[in-house]
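The values are calculated or read from the model by the stated rules, or taken from the named source; none is laboratory data. If you're wondering where the values come from, they're calculated on a predicted model, not measured in any experiment. Methodologically, a virtual Cβ is constructed for each residue, glycine included, from the backbone with ideal geometry; neighbour enumeration extends over all protein chains shown. The area values use the complete protein model at the heavy-atom level, side chains included, leaving out ligands, DNA and RNA. Shrake-Rupley method; radii C 1.70, N 1.55, O 1.52, S 1.80 Å.
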Amino acid sequence: MEDIPALEKKFEEKIASGIVIEPKDWMPERYRKQLIRMMSQHAHSEVVGMLPEGNWVTRAPSLRRKVGLLAKVQDEAGHGLYIYSATETLGADRAKLVDDLHTGKAKYSSIFNYPTLTWADIGAIGWLVDGAAIVNQTALAKCSYGPYARAMIRICKEESFHNKQGYEILASLMKGPPEQQKMAQDSINRWWWPCLMMFGPSDGASPNSEELMRWKVKRYTNDELRQRFIDRTIPQAEHIGLTMPDPDLKYNETTRHYEFGEINWEEFNQVIKGNGPCNYERVHARKDADEKGLWVREAAEAYAKKKLTMNS
Ligand code: BYC
């Protein structure tokens, strides 16, 4: 058995040369811990993320819209399951991860602590939230941990459909009467800044980034990805006549990037501390679903055990 410094050296060399780390490979405990933290929070975000959109399934304005929304919400459940499974390859216990969500020990994306007040919010989530997720996750598809990177490939394909359906909802509203246009603009006014916060604190205030970048879990910094999202989203907004609620937003011809105003980090910090508009409601809904689903899990376990004894 090699000693720890030798194993660490080999691990760092693998990372440096772009070799993907697989579950049975040796890895530093800190790398494992960081991945479990980040991946489980990502899985929780997918599952909690079903709640604000699920709120509109019964009120979708047409059968076509209802079918699209149902498919999207089900996709998010699937994303949660892939990422929980990928997290289990690191030795994490799924029940314990879920418990950490319920007790407030584990975070989930700040964005899902905002309410969906109108149908236009479903368009804004698909276009902006999934748009932000795609920018973040296409980078994660090249991360150094194999099961996480592979999970991202299918997820990004599905998010791309979500992004288009959200944009199409808003484009239709913008072609409608003034009341619908106003509803679409109001949803963008409420969701734009929280979407920029999804990328996490600015680089100087992001305690985990340095280590995660070194290990190639993160391939770009929070600020780099936020900028990429802004640059690709503004022309889409202009195309359908939506305006971002940021008077400082302007295109810089020299850098060929959009400059933007100051993000309200105090709001972000409050939301991730549990004081956002819907934090209590979201965690309560997940706990309730977990309790109500207990009999299903017990029945499935009893069936699996019975099958095992019958086959042995
Ligand atoms: N919300 O050092 P930092 C979706 C926390 S779901 C809450 O920069 P890191 C979808 C951070 O955890 C997509 N917390 O952290 C689903 C850390 O706290 P801890 C969700 C945040 O990890 C349904 C602290 O702040 N995507 O697409 O280097 C419907 C310091 O931050 C947030 C993912 O989860 C936040 N926004 O970078 C529709 C992607 N930002 O843990 C759509 C995977 C930061 O030390 N995750 N914090 O207590 C990541 O890429 C990274 O973890 C982050 C943060 C960029 C989010």
- Could you work out the longest stretch of the chain that avoids the GluC sites (Glu not before Pro) located in DSSP loops with at most 10 other Cβ atoms within 10 Å? 3-252
- Kindly state, to the nearest 0.05, the FRET efficiency for Trp295 paired with Lys216, given R0 = 41 Å and r defined as their beta-carbon distance. 0.45
- Query: When Lys and Arg each count +1 and Asp and Glu each count -1, what net charge do the other residues less than 14 Å away from Ala95, Cβ to Cβ, add up to?
  - Reply: -2
- Query: So how much slack lies between Asp99 and Ser312, counting 0.36 nm per residue of separation and subtracting their Cα-Cα distance, in nm?
  - Reply: 73.3 nm
- Query: What is the spin-label model distance, in nm, from Glu2 to Ala285 if the labels are put 7 Å beyond Cα along the C-beta direction?
  - Reply: 4.8 nm
- Query: Just how far, in whole angstrom, is the stretch 178-205 from the stretch 12-35 if you go by their alpha carbon centroids?
  - Reply: 36 Å
- Taking a spot 7 Å from the Cα of Leu249 along the direction of its beta carbon, which residues of the stretch 175-201 have an amide N less than 18 Å from it? 175, 181-200
- What does the accessible area per residue of the stretch 136-193 come to in Å², with a 1.4 Å probe and no ligands, DNA or RNA counted? 45 Å²
- In whole percent, what relative contact order does the chain give with Cα contacts below 8 Å and a gap of six or more residues? 19 percent
- Note on the structure: Taking Lys and Arg as +1 and Asp and Glu as -1, residues besides Leu117 with C-beta under 11 Å from its C-beta add up to -1
